[in-house]
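What follows is a single structure, written as structure tokens, with notes after it.
The values are calculated or read from the model by the stated rules, or taken from the named source; none is laboratory data. Note that the structure is predicted; figures quoted are calculated from it, not measured. Heads up, the Cβs are rebuilt from the backbone with ideal geometry, glycines too, and the neighbour counts pull from every protein chain shown. The area values use the complete protein model at the heavy-atom level, side chains included, leaving out ligands, DNA and RNA. Shrake-Rupley method; radii C 1.70, N 1.55, O 1.52, S 1.80 Å.
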Amino acid sequence: AFMIALANNSLSFVSHQLLSLKNPKLGLAYGESLYNQARSLCDDADDKSNIDYNNAFILFKRAANIGNAEAQCCVGCCYKHGYGTQVDYSEARAWYDKSIKNGCARAMRHIAMSYRDGLGVEKDIYKAIEWGKKASEKGDKRSKSVKPKVKSNIIITGDSDDTKENNLFCSDAQQLVA
């Protein structure tokens, strides 16, 4: 039944995209509706093994293409983790960047985690801290979830030339962990 609704939704998706060109508010409302449908596929499952990632990805991507910032972030997550698609870190980053341009702080947290873990980018704790701070400043309440792992990656060389930089870095990291 869901696949039939999804097929019918494809026709309605095209007509809604055409309408959204004439009335952007209508397009955003439709994008929000698609995003909510995709979220319900993920949130209403009994456990993660019952999530319909393929259809959620399709709906997230449709909403993302209309300009829904949260859906753009979710598409990035799908590419990052291979939910409903193949893992592709560069695609994930591209979608996170689109999401950030549309005001999504959560995408900043995902970029911070990518730098922290070295997924699709060279591991860089400084950039992880920078992006984590940006996410927190923009209101992402879960950006603190990035912090404990950042603290565990602190390396102090003890070189006299690095002392000021290390002290600053440790101060930043401690603020993140606090």
Take the Cα pairs of the range 58-150, get the Kirkwood Rh, then feed it into Stokes-Einstein at 37 °C and 0.692 mPa s and tell me D in µm²/s. 256
Magnitude of the Cβ-charge dipole (Lys and Arg +1, Asp and Glu -1) of the range 79-122 about the Cα centre, nearest 20 debye, reported as 240
Taking all protein chains in place and a 1.4 Å probe, what share, in percent, of the accessible surface of the range 76-134 do carbon and sulfur account for? 48
Find, among the GluC sites (Glu not before Pro) in the range 77-146, those assigned to loop by DSSP (not H, G, I, E, B) with at most 15 other beta-carbon atoms within 10 angstrom. Glu122
Check each of the chymotrypsin sites (Phe, Trp or Tyr not before Pro) in the range 64-116 and keep only those in coil by DSSP with at most 11 other C-beta atoms within 10 angstrom; list them in order. none
Would you calculate the separation in nanometres between label points at Val87 and Arg142, each defined as 7 Å from the Cα along the Cα-to-beta-carbon direction? 1.9
Mind checking the full-extension length gain between Tyr126 and Ala29? Use 0.36 nm per residue of separation minus the Cα-Cα distance, one decimal, nm. 31.1 nm
